[in-house]
1. If the viscosity is 0.890 mPa s and the temperature 25 °C, what Stokes-Einstein diffusion coefficient in µm²/s follows for chain A when Rh is the Kirkwood radius over Cα pairs?
2. Sorting A:THR110, A:THR5 on the 10 Å Cβ count, fewest up front, what's the list?
3. Of the trypsin sites (Lys or Arg not before Pro) in segment A:1-65, which ones lie in a loop per DSSP and count no more than 15 other C-beta atoms within 10 Å?
4. Determine the shielding of peptide A:38-46 by partner chains: average, over its residues, the number of Cβ atoms on other chains within 10 angstrom of each Cβ.
5. Determine the relative contact order of segment B:8-52: mean sequence separation of Cα pairs under 8 Å and six or more apart, normalised by residue count, in whole percent.
6. Taking 8 Å as the Cα distance limit and 6 or more residues as the minimum spacing, I'd like the relative contact order of chain A as a percentage.
7. Out of the DSSP beta bridges found with both residues in the protein assembly as shown, what percent are antiparallel (nearest 5)?
8. Would you please calculate the Kirkwood hydrodynamic radius of the protein assembly as shown over all C-alpha pairs and express it in Å, rounded to one decimal?
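No value in this document is a laboratory result; all are computed from the given coordinates. Nothing here was measured: the structure is a model prediction, and the numbers come from that model. Cβ: placed from backbone, ideal geometry, glycine included. Neighbour counts: every protein chain shown.
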Amino acid sequence: KAGVTQTPRYLIKTRGQQVTLSCSPISGHRSVSWYQQTPGQGLQFLFEYFSETQRNKGNFPGRFSGRQFSNSRSEMNVSTLELGDSALYLCASSLTGNTEAFFGQGTRLTVV
Amino acid sequence: QQPVQSPQAVILREGEDAVINCSSSKALYSVHWYRQKHGEAPVFLMILLKGGEQKGHEKISASFNEKKQQSSLYLTASQLSYSGTYFCGTGGLGGGSNYKLTFGKGTLLTVNP
């Protein structure tokens with residue numbers, strides 16, 4: 001069974017640009033959550049989607065947005081990038097959202 | 001509110017036991033435990049639900065005290081492969097907050113030969 005796939009694995013962007021990250025969940029999983037991981041703050045929750053609906057979101061500015069498609073694949077977008085957005089972005093998929101979650105390898109975003 | 005994990009770091013010799021604690025200031029529906037090795041994705045260990053039983057498998061088990069809003073992860077007879085950073089993630093009660101996992105900052109566990 002294929003795991004969670006995140007693309008791209010690495011990204012370098014310039015301040016002010018925007019970026020879109022993609023996450024393909026495990027087949028049959030309808031919940032996708034996104035997290036930002038930094039050395040100082042650990043894993044910070046961004047948002048969770050289930051069947052194309054955002055059910056919860058974390059305390060991030062509106063520059064961070066996401067969506068989920070009918071095949072459960074999800075994307076997150078960050079507009080007007082800032083240096084502080086440099087981080088590892090992880091997505092996790094699960095059956096219902098409060099069950100065992102499987103993480104992807106993450107996208108390492110560097111903003112210069 | 002981010003749960004508080006303790007200790008922040010612990011060093012063990014192979015075969016020793018360890019306990020990692022996770023404490024929340026909010027009422028909880030669930031506690032999830034994950035282990036992340038350097039450069040890898042977090043891996044699920046177990047989930048404990050409100051009203052559920054203590055969970056465990058092999059030499060890793062966990063408890064969930066709902067009244068105190070605390071969970072503990074027990075690692076018995078540690079092995080070198082247990083090294084990594086352990087995270088607890090807490091899910092709140094109702095209103096969709098149980099779908100929002102709030103993670104602690106992690107506990108770095110190092111097992112030496």
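1. Working: Rh = 13.8 Å.
Once the numbers are plugged in, D ends up at 178 µm²/s.
2. Working: A:THR110 13, A:THR5 16.
Fewest-to-most Cβ neighbours within 10 Å comes out as A:THR110, A:THR5.
3. Details: sites: A:LYS1, A:ARG9, A:LYS13, A:ARG15, A:ARG30, A:ARG55, A:LYS57, A:ARG63; in loops: A:LYS1, A:ARG9, A:ARG15, A:ARG30, A:ARG63.
Loop-located and lightly packed - A:LYS1, A:ARG9, A:ARG15, A:ARG63.
4. Numbers: counts 0, 1, 1, 3, 9, 12, 3, 7, 1.
Shielding by partners across A:38-46 averages 4.
5. Values: 31 pairs, mean separation 13.3, N = 45.
Contact order relative to length: 29 percent.
6. Details: 295 pairs, mean separation 41.2, N = 112.
Result for chain A is 37 percent.
7. On the way: 75 of 84 bridges.
Of all bridge pairs located within the protein assembly as shown, approximately 90 percent are antiparallel.
8. Working: mean 1/r = 0.0559 Å⁻¹.
With all distinct Cα pairs of the protein assembly as shown included, I get 17.9 Å.
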